[in-house]
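This report refers to the structure that appears directly beneath it.
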Amino acid sequence: MNVQKLEISGLLIIQPNVFGDDRGHFFESYRTDTLKEHGVTEEFVQDNESLSGKGILRGLHFQKDPYSQGKLVRVIKGAVLDVAIDIRNGSPTYGKHYSIELNERNKTMFYVPPGFAHGFLTLEDNTIFAYKCTNYYHKESEGAILWNSDSLGIDWGISAPKLSEKDEVAEDFSDFVSPFQL
């Protein structure tokens, strides 16, 4: 696995070594020891998977302490624009985001630590998105930031994605008070 640290501390891009031939391919999609070498010490306790049509936007979500989650995300089928926003008070990159295309062809994985809001936009129909989480889902601890908050400046490449009711009424980032400290 090739692991790349990003300018925003804590975010990692993970490119697996893919072994393929005329029968198909094989790759390791998770290795505790490799992630630990790059500072990911949390234990993953829950796996999630979603199936979405093209133009679905899920996020920008987070969970407050003590239920905050780190996520290791990847696309099994299809493609997404994946976005993480640093919402750690005191961070030099507070309010900055990183976006990356994850798809079934590049097999790239993205690690988003606790203290970040996370979301993705599906770029193809029948996209299967998988993520490992470092904490269990806890409804009362979830939060959301409005996907198109002007102050974030995220270029999603779409003006009217399909959203959940929760995401339609999420808080604008300009009014957001983060529960996270660096």
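Quick one: would you say residue 132 is over 19 Å from residue 55 (Cα atoms), touching a residue at least 40 places away in the same chain (Cβ under 8 Å) and not β-branched (Val, Ile, Thr)? Don't jump to the end; show me each part of the working.
Values: over 19 Å from residue 55 (Cα atoms): yes; touching a residue at least 40 places away in the same chain (Cβ under 8 Å): yes; not β-branched (Val, Ile, Thr): yes.
Against the criterion (over 19 Å from residue 55 (Cα atoms), touching a residue at least 40 places away in the same chain (Cβ under 8 Å) and not β-branched (Val, Ile, Thr)), residue 132 qualifies.
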**Request:** Answer yes if at least one residue in region 97-113 is of a type in the set (S, T, N, Q) and over 20 Å from residue 30 (Cα atoms), and no otherwise.
**Result:** yes
**Item:** Candidate set: region 6-20, residues that are exposed (fewer than 15 other Cβ atoms within 10 Å of the Cβ), touching a strand residue (DSSP E or B) at 6+ places or on another chain (Cβ under 6 Å) and in contact (Cβ under 8 Å) with a residue 12 or more places away in the chain; chosen: the one farthest from residue 75 (Cα to Cα)
**Value:** 18
**Fill in**
Exception for residue 44 within (1) over 14 Å from residue 112 (Cβ atoms); (2) in contact with a Cys (Cβ under 8 Å, 6 or more places away or on another chain); (3) not polar (S, T, N, Q) falls at (1)
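Before we move on, is residue 89 buried (at least 16 other Cβ atoms within 10 Å of the Cβ), more than 12 Å from the chain's Cα centre (by Cα) and either on the phi > 0 side of the Ramachandran plot or not small (Gly, Ala, Ser) (or both)?
Details: buried (at least 16 other Cβ atoms within 10 Å of the Cβ): no; more than 12 Å from the chain's Cα centre (by Cα): yes; either on the phi > 0 side of the Ramachandran plot or not small (Gly, Ala, Ser) (or both): yes.
No: the conditions fail for residue 89.
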**Request:** Those residues that are buried (at least 18 other Cβ atoms within 10 Å of the Cβ) and free of Cβ contacts under 8 Å to residues at least 40 places away in the same chain, I need them from region 149-162; list them, please.
**Result:** 149
**Request:** Run down 132, 77 and say which single residue is surrounded by 16 or more Cβ atoms within 10 Å (Cβ to Cβ), in contact with an Asp or Glu (Cβ under 9 Å, 6 or more places away or on another chain) and of a type outside the set (A, V, I, L, M, F, W, C).
**Result:** 132
**Asked** Looking at residue 44, is it aromatic (Phe, Trp, Tyr) and in contact with a Lys or Arg (Cβ under 6 Å, 6 or more places away or on another chain)?
**Response** yes
**Item:** Answer residue from region 92-101, given it is touching a residue at least 40 places away in the same chain (Cβ under 8 Å) and either of a type in the set (D, E, K, R) or closer than 19 Å to residue 58 by Cβ (or both) and is surrounded by the fewest Cβ atoms within 10 Å (Cβ to Cβ) among those
**Value:** 96
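In region 14-24, which residues are over 25 Å from the mean Cα position of the chain (by Cα) and at negative phi? Spell out the reasoning first.
Restricting attention to region 14-24, the residues satisfying the condition of being over 25 Å from the mean Cα position of the chain (by Cα) are 19-24.
Correct list: 19, 20, 21, 22, 23.
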**Request:** Of the numbered conditions (1) surrounded by 14 or more Cβ atoms within 10 Å (Cβ to Cβ); (2) under 26 Å from residue 153 (Cβ atoms), residue 104 fails exactly one; give the number of that condition.
**Result:** (2)
**Fill in**
Of (1) touching a Lys or Arg at 6+ places or on another chain (Cβ under 9 Å); (2) over 29 Å from residue 34 (Cα atoms); (3) not basic (Lys, Arg), residue 113 satisfies every one except (2)
**Item:** Matching residues in region 21-56 - criterion: being in contact (Cβ under 8 Å) with a residue 60 or more places away in the chain and either surrounded by fewer than 11 Cβ atoms within 10 Å (Cβ to Cβ) or within 16 Å of residue 77 (Cα to Cα) (or both)
**Value:** 27, 29, 43, 48, 49, 50, 51, 52, 53, 54, 55, 56
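Read-outs: derived from the displayed coordinates by stated rules, not from any lab. All values reported here derive from a predicted model rather than from experimental measurement. All Cβ positions, even for glycine, are placed from backbone atoms using ideal geometry, and neighbour counts span all protein chains on display.
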